[in-house]
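Colleague: Got a structure here, written out as structure tokens. Questions coming.
All of the numbers you see were taken from the coordinates with simple rules; none came from a lab. Everything numeric in this text was worked out from a predicted model, so none of it was measured. Counting neighbours? That spans all protein chains shown, and the Cβs are built from the backbone with ideal geometry, glycine included.
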Amino acid sequence: MFNEAVKMGLKRIVGEKFASFSKEDLLCYSYDATNKMYLPDAVVFPRTSEEVSAILKLANSEGFFVVPRGAGTGFTGGSVPVNGGVVLSLERMNGIIEIDADNLFAIVEPGLVTWELQQEVEKLGLFYPPDPTSLKFSTIGGNIAECAGGPRAVKYGVTRDYVMGLEAVLPTGEIINTGVRTVKGVVGYDLTRLITGSEGTLAVITKAVLKLIPLPEATLTMLATFPDVNGAAKAVSGIIKAKIVPSTLEFMDSVSAKCVEEYARVGLPQTGAVLLIEVDGTSETIIKDAGIIEGICVENGSAEVKKATGKHE
């Protein structure tokens, strides 16, 4: 248990309203998507980088653990307070500081939900590609800490490929800035990529400079079913050999498809294997690519190739 001096110190830093020691609150921040539960001694909700710095300095002087946390959607245990201590929730640091459409970057805080960033930049005809399956509720800071990826990785890469720079707080409490805001950045140690994917073990991310790209004109989604996994695997090879790089290319065997359908009820057919394919680009390009992909799937034994009729299907 924390002594009163530590509790008072945390309250002074973030304000009494944003430091909690009640068991009810501690339970809410004791687990992530793994459902492994370890109770912290406190939860704090800083609003600024300076408050994060002060918390880490206090942790050094008083000798307690600090575990950074976004939305707790990860499956790696990165935000679980295994050794107790303080959960440092970054959910209040959730703003978009700047979207620079001319230079194709955005500066955001770590508690911003990934989906919200994508919606905002798309209004400007821009695109932030990383798409973890939890993107509608996971946060940018958590995505960076885990180097999250999703179905678009086959064409666009993962979170690491879009982090241009960071503001981060070291375990000592020192605030550092890494990276660049330009397309070309070749000088110095690449601390940005070192911190990305480190699960909060090296620093607490407090701001991120993220690369944006032009929004594709159109997308088309397809679902191909196969009697067995061999046919689906050959179709994937055929698509790549045809020099088509889909924006999404997901493979599911019968067990995976059954599990997804039982959980989400999205209408997946029960068959040997399923390919979920998305192509993007100009309207003419996606129609051409979709036709080639459909032919490749049929050649490799696909029983049916469905095309989405709208954006939400």
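Colleague: Once you keep just the Cα pairs under 8 angstrom separated by 6 or more residues, what percentage relative contact order results for the chain? Kindly include the intermediate steps, with their values, before the conclusion.
Modeller: Details: 648 pairs, mean separation 44.8, N = 313.
Relative CO of the chain lands at 14 percent.
Colleague: Which values of log₁₀ I(q)/I(0), to two decimal places, follow from the Debye formula for the chain at q = 0.16 Å⁻¹ with a uniform point scatterer at every Cα?
Modeller: After summing over all Cα pairs, the log10 values are -1.22.
Colleague: What percent does the relative contact order of region 218-307 come to when contacts are Cα pairs within less than 8 Å and at least six residues apart? If you can, show how the numbers build up before the last one.
Modeller: Numbers: 151 pairs, mean separation 45.5, N = 90.
Answer for region 218-307 is 51 percent.
Colleague: Could I ask something else about it? Would you mind checking the tilt of helix 49-62 against the longest principal axis of the Cα atoms of the chain, expressed as 0 to 90 degrees and rounded to 10?
Modeller: 60 degrees
Colleague: So how strong a dipole does region 218-307 carry about its Cα centre when Lys and Arg Cβ are +1 and Asp and Glu Cβ are -1, to the nearest 20 debye?
Modeller: It works out to roughly 100 debye.
Colleague: Rounded to the nearest 0.05, what FRET efficiency is calculated for residue 229 and residue 98 with R0 set to 45 Å and r the Cβ-Cβ distance? Can you show the working numbers first?
Modeller: Working: r = 46 Å, r/R0 = 1.03.
It comes to 0.45.
Colleague: If you average the alpha carbon positions of region 20-86 and of region 177-211, how far apart do those two centres end up, in angstrom?
Modeller: What the calculation gives is 23 Å, centre to centre.
Colleague: Can you pull the one-decimal nm distance between simple spin-label points at residue 27 and residue 309, each 7 Å off the Cα toward Cβ?
Modeller: The two pseudo-label positions are separated by 4.7 nm.
Colleague: Residue 82: net charge of surrounding residues, Cβ under 14 Å, Lys/Arg +1, Asp/Glu -1, itself excluded?
Modeller: Numbers: positive: 36, 69; negative: 32, 41, 199.
Here the count lands on -1.
Colleague: Same structure again: Can you count the Lys pairs in region 4-89 with C-alpha separation below 18 Å, eight or more apart or on different chains? Before the final figure, lay out each step's value.
Modeller: Values: 7/17; 7/23; 7/57; 11/23; 11/57; 23/36.
For region 4-89, qualifying lysine pairs total 6.
Colleague: Is there a quick way to get the dipole size of the chain? I mean about its Cα centre, with the Cβ of Lys and Arg at +1 and of Asp and Glu at -1; what is the value in debye to the nearest 20? Intermediate values should be presented prior to the final figure.
Modeller: On the way: 29 positive and 38 negative charges, 51 e Å.
Rounded to the nearest 20 debye, it is 240 debye.
Colleague: Right, something else. What nm value, rounded to one decimal, do you get for the distance between residue 5 and residue 292 when each label is placed 7 Å out toward the C-beta?
Modeller: Computed distance between label sites residue 5 and residue 292 equals 6.9 nm.
Colleague: Related question: Give me Rg/Rg_expected for region 183-313, where Rg uses Cα atoms only and Rg_expected = 2.2 N^0.38 Å with N residues. Write out the running numbers ahead of the final one.
Modeller: On the way: Rg = 19.0 Å, N = 131, 2.2 N^0.38 = 14.0 Å.
Scaled against compact globular proteins, the figure is 1.35.
Colleague: Report the gain in length on full extension from residue 123 to residue 193: 0.36 nm times residue separation, minus Cα-Cα distance, nm rounded to one decimal.
Modeller: Numbers: separation 70, 0.36 × 70 = 25.20 nm, distance 2.85 nm.
Between residue 123 and residue 193, full extension yields an extra 22.3 nm.
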